[in-house]
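The values are calculated or read from the model by the stated rules, or taken from the named source; none is laboratory data. Keep in mind the model is a prediction, meaning the values are calculated, not measured. Neighbour counts are summed over all protein chains in view; Cβ atoms, including those assigned to glycine, are modelled from backbone coordinates with ideal geometry. All accessible areas refer to the heavy atoms of the entire protein, side chains included, with ligands and DNA or RNA removed. Shrake-Rupley method; radii C 1.70, N 1.55, O 1.52, S 1.80 Å.
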Amino acid sequence: MTRIARWFVLCLLSASALAASPDGIVAVSQPAAAAAGARILAQGGNAIDAAAAVQFALNVVEPQSSGIGGGGFMLVHVAKTGETFFVDSRERAPAHASADMFAPGGLPMAFPLASTSGLAVGVPGTLLGVDTALRRWGTMKLADTLAPAIELAEHGFRVNRFLAEDIANDDGRTQIQPETAATFRPGGVPLAEGDWLVQPALAKTLKLIASQGPDAFYRGPIARAIVKAQQRGRSELGDAGKGRMTLADLAQYRVAIRRPLVGHYRGWILAGMPPPSSGGLTLFEILKLLERFPLGDVAQGYGFGSPKTLHVMTEAMRLAFADRAVWIGDDDAAPAAQRALLNPGYLTARSALIRPDRRMDTPQAGDLTPWHAVQPKPARTRAESLHTTHFAIVDRWGNMVSYTTTIEYTWGSGITVPGYGFLLNNELTDFNFLPSADPAEGNPGTNDVAPFKRPRSSMAPLLLLKDGKPVAAYGSPGGATIINSVLNVTLNFIDHGMTMQQAIDAPRLSVTNATGKVSCEGGQAFMQPPFSPATQDTLRTLGHTGLGESGTDGCRETIGSVQAVVVDPATGLHHGAADRRREGTVIRVGY
Ligand code: GLU
């Protein structure tokens with residue numbers, strides 16, 4: 001019997017023998033990566049050990065979404081002390097970055113070119129983030145948590161539907177650089193579902209890290225290869241497209257351990273990701289703008305999917321995203337005025353702009369006087385990518401991890417580090433392309449590029465607490481839609497009384513800017529209950545756009561991929577829930 005087969009038997013036997021004790025749960029968007037985490041839990045590791053194994057395995061089996069060439073935010077809830085932390089391993093701009101680097105001569109570069117050039121590559125943080133979390137809260141060695149990923153890279157795995165689709169619909173990103181093409185399009189033929197993928201160069205890299213630790217990556221041979229790889233530009237951009245990262249930038253990369261931003265909603269406490277992500281602030285702002293509406297009350301015309309509920313959700317999103325565009329960025333580098341967004345007086349005035357009977361005109365960012373007396377113009381935003389990945393883990397002791405991790409766009413920059421087999425991110429394109437700072441207009445340029453700064457993110461790993469006790473940890477990928485996916489699930493769980501799996505399955509609605517084109521989900525059988533044609537017509541009548549012609553079904557999108565773990569407050573038992581929008585997988589490890 002192989003080691004993995006023995007473990008599965010152990011897992012099943014112990015699950016039935018000791019069903020009363022809380023189990024370890026792993027919820028991941030890809031089954032082989034979920035199995036990697038479950039294996040670590042079965043070996044006696046805790047949630048942080050398992051999270052390390054899942055992240056490394058995802059680098060192998062979901063390489064288009066996350067990996068050591070990227071960054072992320074790991075929420076860690078420590079059961080023993082009741083404390084919650086965020087490990088911020090967001091990529092940073094190199095020392096030679098400048099505010100105008102994506103707009104030389106005042107002309108913004110085209111996103112497809114900028115994001116596939118070395119200029120877009122931020123100093124990667126994932127490996128140091130995982131290592132930091134392991135040293136602080138883990139029980140296993142980095143090398144042990146790398147073992148499942150090394151096996152998957154060395155012996156291979158079967159390409160699933162989602163990876164195959166991302167190769168087929170890659171916007172050219174797996175075709176620009178020869179090393180990326182050789183892995184995912186061997187002989188010029190894109191890998192298809194069911195094909196076997198072996199990644200020897202990646203296996204070699206992970207083994208090197210297992211034996212030499214993160215220094216191999218941040219100071220050693222891998223660092224030299226990263227610096228060289230990101231010096232590649234795109235011919236259309238000339239020298240302006242070449243990356244500015246040096247060996248010193250890699251050696252100086254620092255992880256930040258952050259305390260959560262605390263939000264409150266209908267008696268629940270939420271621990272969310274602070275800046276440099278907009279995830280926590282914008283999510284909490286939307287929730288507070290909505291709190292005065294009885295969203296769960298069907299008798300008053302609200303309830304899940306009713307026009308009233310969807311209308312006020314849309315309006316709250318528009319207001320909060322208008323604020324986000326101006327006020328939120330890396331507050332290690334920018335003024336902290338953004339905290340004023342959660343000031344109760346500000347929120348009351350802002351929520352009063354929502355009229356139940358009519359769509360509001362395009363809102364401006366709020367005036368956060370006394371800091372800024374003038375209404376600043378928003379920085380230009382762009383459509384954000386729909387990839388990245390989220391997983392959640394709880395161990396038998398109650399430690400929890402909720403980890404959103406990314407290389408930014410699907411396939412990141414498309415640059416595979418030659419000889420080392422991993423993709424580099426394009427995270428720096430999350431900065432404003434055109435500098436927006438303008439003291440006369442009161443615009444602080446919060447998300448303009450600057451040396452060492454972290455680009456604004458939308459990632460929103462979240463912990464939900466009731467009576468001081470953790471109840472659920474979850475999050476989602478999806479660029480700016482992340483905030484709305486997490487919002488939809490939170491409302492479904494708290495206001496609409498759904499189980500976490502129902503809350504994830506239900507169709508979502510999202511608006512990610514002030515102009516407010518609505519995206520909504522439908523068209524897949526599991527998305528229950530659907531947004532009805534009559535509801536969509538009412539929204540059109542109220543003035544909402546993005547839903548297409550009257551009488552048609554304008555809800556056909558797929559938004560996000562939420563993975564969650566839940567602690568039943570009554571029994572203390574653990575559950576998991578995963579998203580069928582990808583190959584969401586929950587594995588229970590009994591003891
Ligand atoms: N760059 C994105 C962010 O940090 C990654 C998330 C995503 O696209 O899914 O918000």
| If you place +1 on the Cβ of every Lys and Arg, -1 on the Cβ of every Asp and Glu, and leave all else neutral, what size is the dipole of the chain about its Cα centre, to the nearest 20 Debye? | 760
| Principal axis dimensions, the range 433-524 - Cα atoms, whole angstrom, descending | 48, 37, 21
| said: Give the lysines reachable from K228 as a straight Cα distance under 24 Å; neighbours fewer than 8 places away on the same chain don't count. | reply: K204, K207, K242, K453
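Sort 416-427, 104-115, 139-150 by the packing proxy (mean of other Cβ within 10 Å over each peptide's residues), most packed first.
Descending packing order for the listed peptides: 416-427, 139-150, 104-115.
Below 14 angstrom from the Cβ of R232, what's the summed charge of the other residues (Lys, Arg +1; Asp, Glu -1)?
Computed value for this residue: +2.
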| Residue-averaged [θ]222 nm for the chain, counting only DSSP H segments that reach four residues, each worth -39500 (n - 2.57) | -9500 deg cm²/dmol
| Under the classification rounded if a/c is under 1.5, otherwise prolate if a/b is larger than b/c and oblate if not, where does the range 30-72 fall, given a ≥ b ≥ c as square roots of the Cα gyration tensor eigenvalues? | oblate
| field | Calculated log₁₀ intensity ratio I(q)/I(0) where the Debye formula runs over C-alpha points of the range 439-591, q = 0.13, 0.14, 0.15, 0.19 Å⁻¹ | value | -0.72, -0.80, -0.88, -1.16
| Heavy-atom accessible area per residue - the chain, 1.4 Å, Å² | 35
| In debye, nearest 20: dipole of the range 127-193 around its Cα centre with unit charges on the Cβ of K, R (+) and D, E (-)? | 240
| request: Can you figure out the FRET efficiency of R224 with A570, using R₀ = 51 Å and their beta-carbon distance, to the nearest 0.05? | output: 0.40
| Å³ per residue enclosed by the Cα convex hull of the chain | 144
| task | Using every Cα-Cα pair within the range 134-277, state what percent have a distance larger than 27 Å. | result | 47
| Label-point separation (nm) for D367 and S550, each offset 7 Å from Cα along Cα-to-Cβ? | 3.8
| task | Rounded to whole Hz and in sequence order, give me ³J(HN,Hα) for the range 350-362 from the Karplus expression 6.51 cos²θ - 1.76 cosθ + 1.60, θ = phi - 60°, writing x for Gly and Pro. | result | 5, 5, 5, 6, 7, 9, x, 9, 7, 5, 6, 5, 3
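How much net charge surrounds V566 when only other residues with a Cβ under 13 Å from its Cβ are counted (Lys, Arg +1; Asp, Glu -1)?
Summing Lys and Arg as +1 and Asp and Glu as -1 gives +1.
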| query | Considering only protein heavy atoms, what is the solvent-accessible area of E236 at a probe of 1.4 Å, reported in Å² to the nearest 10? | reply | 110
| note | For the range 431-588, the charge dipole (Cβ of Lys, Arg +1; Cβ of Asp, Glu -1; about the Cα centre) points to a positive end, and the Cα of H544, A570, G554 closest to that extreme belongs to A570
| Points 7 angstrom from Cα along the Cβ direction at R292 and D467: gap in nanometres? | 3.2
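In debye to the nearest 20, how big a dipole does the range 413-533 give about its Cα centre with +1 on each Lys and Arg Cβ and -1 on each Asp and Glu Cβ?
For the range 413-533, the charge dipole is close to 200 debye.
Can I get the semi-axes of the range 194-302's equivalent ellipsoid? Compute them from the C-alpha gyration tensor as square roots of 5 times the eigenvalues, in angstrom, largest first.
Numbers: eigenvalues 395, 77, 70 Å².
Each semi-axis is the square root of five times an eigenvalue, giving 44, 20, 19 Å.
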| request: Starting from the residue with the highest accessible area, list R254, R266, R92 in decreasing order, probe 1.4 Å. | output: R254, R266, R92
| said: Modelling each spin label as a point 7 Å along the Cα-to-Cβ direction, I'd like the A110/W397 distance in nm, to one decimal. | reply: 5.4
| message | So if each residue of separation counts as 0.36 nm, and I subtract the Cα-Cα distance between I257 and L434, what length gain in nm does that give? | response | 60.7 nm
| task | Quantify, in whole percent, the carbon and sulfur part of the accessible surface of the range 441-560 (1.4 Å probe; protein heavy atoms only). | result | 52
| request: Grab the Cα-Cα distance for S98 and A192, subtract it from 0.36 nm times how many residues apart they are, and report the gain in nm with one decimal. | output: 29.8 nm
| field | Convex hull of the range 398-481 built on C-alpha atoms - directionally averaged projected area, nm² | value | 9.4
| remark: Listed by chain and number, the lysines with an alpha carbon less than 26 angstrom from that of K517, same-chain partners under 8 positions apart left out, are K288, K308, K377
| request: Take the eigenvalues of the Cα gyration tensor for the range 54-203, scale each by 5, and report the square roots as semi-axes in whole Å, largest first. | output: 29, 26, 12
| field | For peptides 531-544, 484-497, sequence by mean Cβ density within 10 Å, most packed first | value | 484-497, 531-544
| request: Using Cα positions and a limit of under 13 Å, work out the aspartates and glutamates in reach of K469, with same-chain residues fewer than 8 apart set aside. | output: E83, D568
| task | Putting +1 on Lys and Arg Cβ atoms and -1 on Asp and Glu Cβ atoms, find which of G296, M317, A223 reaches farthest to the positive end of the dipole of the range 176-331. | result | A223
| request: Find how many whole Å separate the alpha carbon centroid of the range 64-103 from the alpha carbon centroid of the range 221-292. | output: 5
| Ordering of 515-526, 499-510 by packing [mean C-beta count within 10 Å, highest first] | 499-510, 515-526
